[in-house]
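Take a look at the structure set out below.
The values are calculated or read from the model by the stated rules, or taken from the named source; none is laboratory data. The structure displayed is predicted, hence computed values, not measured ones. Cβ placement follows ideal geometry from the backbone for every residue including glycine, while neighbour counts extend to all protein chains displayed. Side chains included, ligands, DNA and RNA excluded: accessible areas come from the protein's heavy atoms. Shrake-Rupley method; radii C 1.70, N 1.55, O 1.52, S 1.80 Å.
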Amino acid sequence: MSGTESGELLAAVRAFLKSEVLGELDGFKAYQLRVATNALGIVERELALGDAVVALDSEMAAILQIDNGAESLPRIIAQRLKARSIELDERLLSYLRHRAQLALAIDNPRYSGLQQSLQRWGDLASMAD
Amino acid sequence: MRKFRSSIGVARAVSRALGAGLMSATNELPPASDPAVMADRLLAALVPGSSGAVRALRRLSGGANMETWAFDLEHGSATVPLILRRQPGVIGRNTTDWNELGIADEAALLSAAGATGVPVPTVRHLLTAGDELGEGYVMSRERGEALPQRLLSDARFAAARDKLAWQCGHALGQIHKVPVDTLPAGLPDHSGPVLFEHAQSLLDTHDNGSPVLQLGLDWLRDNRPGSQSKALVHGDFRNGNLLVDEGGLVAVLDWELAHLGDPVRDLGYLSANVWRFGADAPVGGFGQYDDLLAGYEAATGQRPAMDEIIYWQAYAALFWGTVCLIMLEKYRSGEDASLERAAVGRRLSEAEIDLLLLLEGNLR
């Protein structure tokens, strides 16, 4: 791939919608446009942080000796928790915390719970430790 | 009253996912939605002989959920602001084993709660088949603001914000004291373990891919409060469903998730992080626990323990996470392929972080 990067395209579209289109709308349509620009922001952040989620899952899959293939590791863990066939030890809890932090940093970094969790559990950069 | 029903309509959708299965499917076609036709029929339904006029009829809510319309009834020299709430039709309903409050029961519940002093809109008319407007009811349109961000930031609500936690506590106390024998028979009973059995089945049928929601549910099951009473629970009592003016609480709206259950659930729900809208104050983003509990105690003589409130905050987080899964499913199935539904599916991580924070220190 060369030329404008995906994240740059998204940022440009988002800026256009916010600066040129939003002012033309009101009521429910303006509200929906804000939802739309937020959604583009999620994709932008996922482009930047998605690799960290994949790395975190790979590391935990190796620790748990799970060969999840194409299936999502969280889904497998959810099933095992339901069956009570996996122990909730400090390592698993730490993985769940850091994965939730990463997901929130992508989905809604302004959510107050993310700031609280960063204060309590440390920041995202140290999560793969 | 301005109110965009974004996450608000979600509540209706979850209650429908919780199972409109028991509702009658006799209403095969969506009711008339041409405003001119509706206005004529509303006038005929509300005023014998159709003297007067229905003006400014407009729909307030979007999407496939419960419809809310605002209009003004001009009759004689009076102009009366009113709201029409009605069921959209039966297209795309899920069927599950859960029951929900039907629209006629919702109207009956509003009247029963209003009769004991709970601040609610006044039900003016229950639609009949002869009205040809579908299933629903007409109620008073109360003054005030329901939009959370405006309530939390607008200077004109500063005095109201100071009183609101106490008023909410008092109103919740009044709700929980409504005599059970005055409530509509169709009110669902969610007391006891059925609540958690149902939460599990919702996770299972909505592609449970979240270990954190499962962990939260397991913890809630294992740590149920010892003393549980059973009362009318509003079920969706939060910032966004409260009409507030400069003097504080005017009316409690959105009763569609009402049920019989543990009353402390309402206090935990109101103070859950997701319903603080980013503000610091624990009660709805506007108030403090002490004021909430003082208001509750003034109405009931009882003061629930903080650890029970925290317990129900965890339940509220699980509930919100489940709503996100249900919304995602509605988007993917095409039942409601709207941008809002797609976007809400990404708010699961809010529920997960809240659950993990709440369970911290309680897990081992």
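Hey, in the GNM for chain B with a 10 angstrom Cα cutoff, which one of B:Glu246, B:Glu145, B:Glu106 fluctuates hardest? Among B:Glu246, B:Glu145, B:Glu106, the largest mean-square fluctuation in the Gaussian network model of chain B belongs to B:Glu246. Checked against a 31 Å cut-off, the cross-linked pairs A:Lys82/B:Lys230; A:Lys29/B:Lys163; A:Lys29/B:Lys230; B:Lys177/B:Lys330; A:Lys18/B:Lys163 give Cα-Cα distances beyond that limit for A:Lys29/B:Lys163; A:Lys29/B:Lys230; B:Lys177/B:Lys330; A:Lys18/B:Lys163. What figure in square angstrom, to the nearest 10, would you give for the accessible area of A:Glu87 with a 1.4 Å probe? It works out to around 140 Å². Every pair of different Cα atoms in the protein assembly as shown enters the Kirkwood calculation, which places the hydrodynamic radius at 24.0 Å.
The 1.4 Å probe gives accessible areas that order A:Met60, B:Met306, largest first, as B:Met306, A:Met60.
Centre-to-centre separation between the Cα atoms of region A:69-129 and those of region B:278-314: 29 Å.
For region B:148-359, the equivalent ellipsoid derived from the alpha-carbon gyration tensor has semi-axes of 27, 21, 17 Å in decreasing order. Radius of gyration (Cα atoms) of chain B, expressed as a multiple of 2.2 N^0.38 Å: 0.97.
Shown are B:Thr182, B:Thr68, whose ranking by accessible area with a 1.4 Å probe and every protein chain present, most to least, is B:Thr182, B:Thr68. The helix-based estimate of mean residue ellipticity at 222 nm for chain B, built from -39,500 (n - 2.57) per DSSP H run of four or more residues and divided by its residue count, is -13000 deg cm²/dmol to the nearest 500. Hey, can you grab everything whose amide H is under 5 Å from the amide H of B:Asp336? Only 5+ residues off in sequence or another chain; H modelled, so Pro and N-termini drop out. Close amide H contacts, sequence-distant or interchain: B:Tyr331.
For chain B, relative contact order (Cα pairs under 8 Å, six or more residues apart, normalised by length) works out to 18 percent.
Within the assembled protein chains, the solvent-accessible surface assigned to B:Trp320 is about 10 Å², based on a 1.4 Å probe. Evaluating 6.51 cos²θ - 1.76 cosθ + 1.60 at θ = phi - 60° for every residue in region B:252-265, the Karplus couplings come out as 9, 10, 6, 8, 5, 9, 4, 6, 8, x, 6, x, 5, 3 Hz, glycine and proline recorded as x.
To the nearest ten degrees, helix B:289-300 and the longest principal axis of the Cα atoms of chain B are 60 degrees apart. Compared with the dominant Cα axis of chain B, that is its longest principal axis, helix B:158-176 is turned about 90°.
Once the Cα atoms are used to define both axes, helix A:73-82 deviates from the longest principal axis of chain A by about 50 degrees. If each Cα of region A:6-126 is one equal point scatterer, what is log10 of I(q)/I(0) from the Debye formula at q = 0.12, 0.14, 0.16 Å⁻¹? For the requested q values the scattering log ratios are -0.60, -0.75, -0.88. Accessible surface ranking for B:Lys330, B:Lys163, 1.4 angstrom probe, highest first: B:Lys163, B:Lys330. The Cα-based radius of gyration of region B:208-280, divided by its Kirkwood radius, gives an Rg/Rh of 1.03. Among the protein heavy atoms, those of A:Ser19 account for about 80 Å² of accessible surface (1.4 Å probe, every chain in place). Take the Cα of B:Thr79, go 7 Å toward its beta carbon, and the backbone nitrogen atoms of region B:137-158 under 19 Å from that spot belong to B:139-145. Students often get this wrong: which residues of region B:215-259 have the backbone nitrogen under 13 Å from the point 7 angstrom along Cα-to-C-beta of B:Val194? Only B:231, B:259 pass the distance filter.
Dipole orientation for chain B: of the candidates B:Met306, B:Pro211, B:Ser50, B:Ser50 has the Cα lying most toward the positive pole (charges on Cβ; Lys, Arg +1; Asp, Glu -1). Proximity of backbone amide H atoms, modeled 1.01 Å from N, is registered between B:Ala251 and B:Leu243 at under 5 Å, excluding neighbours fewer than 5 places apart on the same chain. For region B:233-364, the Stokes-Einstein estimate of translational diffusion at 4 °C and a viscosity of 1.567 mPa s comes to 82 µm²/s, using the Kirkwood hydrodynamic radius over alpha-carbon pairs. When the Cα gyration tensor is reduced to axis lengths a ≥ b ≥ c, the ratio a/c is 1.5 or higher for region B:123-178, and with a/b not above b/c it is classed as oblate. Per-residue 3J(HN,Hα) values for region B:349-362, derived from phi via the Karplus relation 6.51 cos²θ - 1.76 cosθ + 1.60 with θ = phi - 60°, read 5, 5, 5, 5, 5, 5, 4, 5, 5, 5, 7, 4, x, 9 Hz in sequence order (x marks Gly and Pro).
In whole angstrom, region A:1-76 maps to an equivalent ellipsoid with semi-axes of 36, 16, 7, each derived as √(5λ) from the alpha carbon gyration tensor and ordered largest first.
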